[in-house]
Structure formats: structure tokens, C-alpha cells
Amino acid sequence: MSRVTIYHNPSCGTSRNTLAMIRQSGEEPEVIEYLKTPPDRARLLELIRAMGISVRALLRDKATPYAEFGLADPTWSDDELIDFMLKHPILINRPIVVTAKGTKLCRPSEAVLELLENPATSFVKEDGERIARK
């Protein structure tokens, strides 16, 4: 069983960079393509609790039906927002990484370094940005 799990979208550069950083650390994570295999309600709530964020903080507003559904309206309840994310997993922000050190929404991708046992000291993102760990 992998010690690292990533809720991943292969179409997302941030998600791809995060996955590459995990692999560069020597880990082969369990990769869950959450658009194909979305978490159920219990797992989604567990991830939110583990990250210590609000339900709203997990909503992705770019390139999603966020505006179409009027999800910026603060009157939507957490349960209603979860319902939207379950019906439309593209609304779940990503990548989410789970390790023994914690669970985190890894935006920016280098946020994953805090969760890894043996993070690489340097990494070059797809766009050429260099990340150096001190």
C-alpha cells in the first residue's frame, strides 16, 4: 500500500507538477483521478476535515460550472456545496495529497514538499520555474 495518495487531474499543470515532485522524492503514490473516480460524501468530508479548511475553500471556481450555478452566493450551505462537488467533481480543487504527515490542497504544487519524507532539494516545473528547497 502506498504511503502517499494524490487526488489528481492529469489535465492540470499544478497536479502534474505535484505528482512529479512526489515521484522525485522516491514515492510511487496511489493516484486517484478524481474526475473518473470521485470521492464519496464521507471521504470528501474526511479530506476537508483533515486539511482543516472550509467546504467553500475546496471549491474550484475556474473553468468549472461555479459561476453558472451561482456558487459565489454565500447562502449555499456546506451540505449543498458538497452536493454540487459530488455531482460535478470538476468543482473540487486539486491536487489533494494525503501522507502520514498530513493532508493538503497542494496549490502551489511545492506545498507538497512539506508532506514528503524525502523531498527533493530542487525541482523544475513544467513552465521552467525552479523550486529550490533549503
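The values are calculated or read from the model by the stated rules, or taken from the named source; none is laboratory data. Remember, it's a predicted structure, so these values are computed and weren't measured experimentally. We place every Cβ from the backbone using ideal geometry, glycine too, and count neighbours over all the protein chains shown. The protein model used for the area step is the full one, side chains on, heavy atoms only, and it has no ligands, DNA or RNA in it. Shrake-Rupley method; radii C 1.70, N 1.55, O 1.52, S 1.80 Å.
How high is the FRET efficiency between Thr121 and Ala100 when r is their beta carbon distance and R₀ equals 30 Å, given to the nearest 0.05?
The value I calculate is 0.90.
Distance between the modelled labels on Ser77 and Arg23, one decimal in nanometres: 4.3 nm (7 Å Cα→Cβ projection).
With all protein chains in place and a 1.4 Å probe, the accessible surface of the stretch 13-134 carries 50 percent carbon and sulfur.
Taking square-rooted eigenvalues a ≥ b ≥ c of the alpha carbon gyration tensor, is the stretch 11-57 rounded, prolate or oblate, where a/c under 1.5 means rounded and, failing that, a/b exceeding b/c means prolate?
Numbers: a/c = 1.93, a/b = 1.71, b/c = 1.13.
Here the stretch 11-57 falls in the prolate category.
Ordering 17-28, 120-131 by mean Cβ neighbour count within 10 Å, with the highest value first, yields 17-28, 120-131. By the scheme Lys and Arg +1, Asp and Glu -1, what is the net charge of all other residues having a beta-carbon under 10 Å from that of Trp76? The answer is -4. Among Pro38, Pro108, Pro89, whose mean-square fluctuation peaks in a Gaussian network model of the chain (Cα, cutoff 10 Å)? So, out of Pro38, Pro108, Pro89, the one fluctuating most is Pro108. With K and R counted +1 and D and E -1, the other residues having a Cβ less than 14 Å from that of Thr103 yield a net charge of +4.
Note on Asp73: accessible area approximately 70 square angstrom, rounded to 10, probe 1.4 Å, nucleic acids and ligands left out.
Candidates Gly13, Leu47, Pro89 compared by Cα position along the dipole of the chain: farthest toward the positive end lies Gly13, with charges placed on Cβ. Placing R0 at 41 angstrom, the Cβ-Cβ distance between Phe69 and Arg3 gives a FRET efficiency of 0.65 after rounding to 0.05.
Among Gly13, Gly102, Gly70, the largest mean-square fluctuation in a Gaussian network model of the chain (Cα springs under 10 Å) belongs to Gly70.
Quick one: accessible area per residue over the stretch 62-113, 1.4 Å probe, rounded to a whole number of Å²?
Working: 2530 Å² over 52 residues.
That works out to 49 Å² for each residue.
Just how large is the dipole of the chain about the Cα centre, in debye to the nearest 20, putting +1 at every Lys and Arg Cβ and -1 at every Asp and Glu Cβ? All intermediate terms of the calculation are to be shown ahead of the outcome.
Working: 19 positive and 19 negative charges, 83 e Å.
Value, rounded to 20: 400 debye.
Shape summary of the chain, radius of gyration then Dmax from alpha carbon positions: 15.1, 44 Å.
Within the chain, antiparallel bridges make up roughly 75 percent of the DSSP beta bridges whose residues both belong there.
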